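Chemist: Here it is, the structure, as structure tokens.
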Amino acid sequence: LKRVSPTTMSSLKNRVEMRQILLWFIACCFCGLSGNTFAFPVNTRLVRNNGAFAWTQAPTQRLLVQRYLSSGDGGGEQRRSRFAGNQREATAREIAIMDDMITKLMNAKPYELPSSVSQAFRVVSSPRFFLRIAERSDMASSDEEKKKLTTLADNLASTVAAVVSTAKDKMDECASIVETIVKAAAEPSTGEFLVPLSADRIAAMQSELKRVDPDALNEGFLSIVDSWMNKSMQDGLDGMVVILQKVLQLYAGTQISRARTQLQTKVAAALTGQSPKEHEETMSSNGPPAILLEDLLNMDTDKWDVEIRNRVGEDNDSSRISKSALMGEVQRTIEGVVLGLESGSMAQRVQAEYLRELSSKIEAIAT
């Protein structure tokens, strides 16, 4: 067993500056940074070479994790973040968009600004937007218009600061949730983190995660996990990386299972004319493929291979659940649950990768 110091988590939390986390949260939620999905294997060390990732030895097992990093081809300039857009001249179309937004905000009531800023934070918070306000002020044909623009700039500055402060408070709450789940991975007697995690520790982590309000398992929660994982990788804390990967796996399984139940309840209630609550109370059990999928979603991913071998067979094997029936259930879950999430969100990417991994296990083992 690989030991991770009991002070690792608190040290990690202290060393990750909240400013970095906050900037990452803003980037993910408001700037739509593009992302790539990687599968991290156990017992290997990930190294970065010329902007690309590579393993130091052959992988033995895949673990799911999302990494949202710019990547380069090694032979040219590394692809730049969209924040680099502040370093170039704005196009005519971008200026037109900013002018339209400035005009609307200039005539809006002060109490309407927080909502407007939150909805268009990527544009409004950019330095180029404030420069455009100054340019409009210089070009203003009347003192009244110039006064409105000056007032708008002052109000926007304070509003942006308030939105950022609110985001910071939310990130503190998310960090506390992640910390509670990760603490459950420590051995009760010693407070140490032993990797690979025992079944009891994984069950404890899952129990803590299920106690969390589903609405709190949002993009901020995933951003914190991602930030801590980034820091752990930079510091060479491979054991903590494995623990955080497990958090993502448990998150995906729990959220997909909850969403499936809600979707089934709503659809069935609509067909029967009952309210969702009434149908949930009288809902009968699902078929064998759905039951098996629920079992897989609520168990440790390391046990998938054995469970699928024991319960899944070919279509002509009447004693087992057919592979095609289980794959159909997974596909319906992808269409009904994952595709219904916000496009490009971290939640969608993590859950989609989780189900893709499950599909590959079914295809590889159930033959």
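Chemist: Could you list, in their original order, any pairs among Lys183/Lys323; Lys170/Lys231; Lys266/Lys303 whose Cα atoms are separated by more than 29 Å? Working shown, then result.
Modeler: Values: Lys183/Lys323 38 Å; Lys170/Lys231 20 Å; Lys266/Lys303 31 Å.
In this structure, Lys183/Lys323; Lys266/Lys303 lie more than 29 Å apart at Cα.
Chemist: Please state the Cα pair-distance histogram of the range 171-260 with 5 angstrom bins from zero: what percent is in each bin?
Modeler: For the range 171-260, the binned pair fractions read 3, 14, 27, 26, 19, 9, 2, 0 percent.
FYI, it's all coordinate maths here, none of it is from the lab. Quick caveat, the model's predicted, so the values are computed rather than measured.
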